[in-house]
Amino acid sequence: MTGVVLALSSLLLLQTVSSCPKECLCDTHTKVVDCRGRGLYDVPRQLQQDTLELYLQNNRLRGLGSMSFRETPQLQILDLANNSITMLSSSALLGLRSLKVLSLANNSIREVDRRLLVSIRNLTVLDLSFNTIGGLPGALADSFHYLTHLSLHYNQITKLERIHLEALGNLKVLQLKGNPWRCDCQLIGLKLWLETFVFKGGVVDSITCVQPHLMLERDLRHIPYELFHSCMITSYSYLFANIHYLDGKHRMLSGQLHPSPGSDFSPPGEAILPECEAKQRPRPANYRHAIATVVITGVICGIVCLMMLAAAVYGCAYAAINAKYQRELKQKAKEAGVGEERKNNEREEKKEPLE
């Protein structure tokens, strides 16, 4: 009996050892597999199905095929940084429903397939920095409702649609530094979203403009809205953007404290003496423009309402006068008819004695 137990124990031990690839280090207690810096060209096989963390940094991986991680469906952390990945199959991450942290930093990825993101809806941290990505797919907003950290710095992104970010309600940290941003009219929505995001407590690094020349080397967040004034000529989005920005600024000015002198969000070059009270920051010009727009709109609406009221009063008065006039005509006609009948009666009475 003792020999059978020993044999079974040895068999289980051999299975446990054989389930860890020879190129990796496996911890059966923490379910962590470490394959960093092993010169791997492919994702290792024979991994334990209950693996929770897989580290494949500093290898020579060039692509991820279909269902590359089907042996580890319970993965929660997957690190593929510092490889040479250029190709990502649309089903490479299929089955990783528990994945929470994914790093593809420092590779050669040019495009992210929208179908790749659909299979990892529970992701909280996504690092795509130091690649050559030119844009994000629309599925980003549909797939990452739980995302808290998104790193896109040092790519080839020139613009980022505001709609891609508005659905990320749990986002806390956004890194966009090192991209060739084209700060034209298409980035007004992003600028307004960033201001709202920072106001709510979010963290954003710098967004340095490359084009046009007027905006060269300037941070998008610090560019005054007057420089985007020409956009109003070609699109009505500027007006709606200002109204949205006014709503956010109104909430900020009606009960929130100003940033502290040492915070990262204080304007550059602004010095506040420690012995003096902090002065209220001047309202930005676009805030004044938004107020003027709202006031003018209110005045126009008021004038229109007054005109409509005057027209209604005039209509009612005209109807009343006309009704009174008709009544008077009927009364006169009736009186005239009664008088004529009386005259006829008198004539008949005069004729009877003569007969």
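Brief remarks on what is shown
- Note on Leu216 and Glu335: their simple-model spin labels are 9.3 nm apart, each label 7 Å out from Cα toward Cβ.
- Contour minus Cα-Cα distance for Val304 and Lys22 (0.36 nm per residue): 93.4 nm
- Of interest is the spacing of the C-alpha centroids, which for region 139-187 and region 94-109 amounts to 17 Å.
- For the set Lys159/Lys200; Lys31/Lys172; Lys31/Lys200; Lys22/Lys177, the pairs lying more than 32 angstrom apart at their alpha carbons are Lys31/Lys200; Lys22/Lys177.
- Set the Cα radius of gyration of region 99-159 against 2.2 N^0.38 Å, with N its number of residues, and you get 1.03.
We did not get these values from a lab; they are worked out from the coordinates using the rules stated. Because the structure is predicted, anything quoted here is derived from the model rather than measured. We place every Cβ from the backbone using ideal geometry, glycine too, and count neighbours over all the protein chains shown.
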